[in-house]
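Nothing in this text is a laboratory measurement; each read-out follows from the coordinates by a stated rule. Everything numeric here is computed off the predicted structure, so don't read it as measured data. Here Cβ is always computed from backbone atoms with ideal geometry, including for glycine, and neighbour counts include all displayed protein chains.
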Amino acid sequence: MTISDPAALNRQFGRVGQIAFEASPLGGTVAVLAAGGCSSTVALQGAQVLDWRANGRDLVWLSRDARLGTSKAPRGGIPVCWPWFGSHPSDSSKPSHGFARHRTWSVAETQSAEGSASITLAYRTGDDDRQLWPHQASVRITVSLGHSLSLTLETTNLGDEPFELTEALHTYFRVGDIDAVRVEGLDGRDYLDKVENFALKRQTGVIRIDREVDRIYLGDVTPVRLVEATDPARAIVIESTGSRSAVVWNPWFERTEALGDMGAANAFRQMLCIETANAGEDVVRLEPGARHVLAARYSAA
Ligand code: TA6
């Protein structure tokens, strides 16, 4: 049984001054991590990181309409897309980005040391998931806060048959102004342009956002740097392992309106998703008993 009562979680997993469980004003239970002057909030719903504050800055964007405990995952933070990324490969009636972001995860363990704190949340597929995905698996995510924020997403095949997995850490970074943003590190990479029906294209130079951008970059995608021209010294560096794809997404005007949960018509100006993924042709095949680990580390200058 999943324990989500904050008092019970604090007794079992709380770490004085570093990890506390609370009833969130958004609804639902969250863990608040504090370490080395940084903080981060992780919801049990979807194991979704809701914020990350470091060097006095809010680095992760969350819609002002975000709520926990509804049938929709909060827009923003770091949703976990699992066990498929985007539309289901053969049945578009199934939920976008899989079902893990809609489930309540259990707390498996917490750790703390001077300057660092981490929490591991776990989910095991069950009867409720069978119609959506006919496999058995366990998934664990460890969110570690210190000088950087790290997420490690580990999938184990608990069934008797192999399965294919796509997934992503769908990180919404907060930016000052989208017009001043550039993304470095993907020059020369091929990408699938979702805005143009998955046309295969090649990136030349840095990425600038001046329209709807929805791309799956393929191949060697680490490290990637998110830089703002107004303050180039304060870049965010994204390093990944277990990934051969990265997604860059900004919905721009029309998609923002269509989404309906971005909080404001111009909210897209303050966010950019850079997602560490196994997506596109980067599909993971897991044999019975096998394990795959996808990990991202975010460091803010
Ligand atoms: O990662 C980019 C993307 O797959 C886009 O195509 C976009 O629609 C977005 O994720 C958000 O998906 P959601 O299901 O959260 O509305």
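A compact table of results
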{"item": "In nm, spacing of pseudo-spin labels at R64 and A180 (7 Å Cα→C-beta vector)", "result": "2.1 nm"}
{"item": "Sorted by Cβ neighbour density within 10 Å, fewest at the top, the residues C38, C273", "result": "C273, C38"}
{"item": "Most fluctuating residue given options G263, G86, G188, as computed from a GNM of the chain linking Cα atoms under 10 Å", "result": "G188"}
{"item": "Cβ-Cβ FRET estimate between V206 and R285, R0 fixed at 35 Å, reported to 0.05", "result": "0.55"}
{"item": "Ranked list, fewest to most other Cβ atoms within 10 Å of each Cβ, for M1, M262", "result": "M1, M262"}
{"item": "For the range 41-76 versus the range 180-217, the gap between their alpha-carbon centres in whole angstrom", "result": "25 Å"}
{"item": "14 Å beta-carbon shell around S106, net charge (K/R +1, D/E -1)", "result": "+1"}
{"item": "Formal net charge of residues neighbouring T241 (Cβ-Cβ distance under 15 Å; K, R +1; D, E -1)", "result": "-3"}
{"item": "Relative contact order computed over the chain (Cα-Cα under 8 Å; 6+ residues apart), in percent", "result": "17 percent"}
{"item": "Gaussian network model of the chain, Cα within-10 Å springs - most flexible of D261, D91, D179", "result": "D91"}
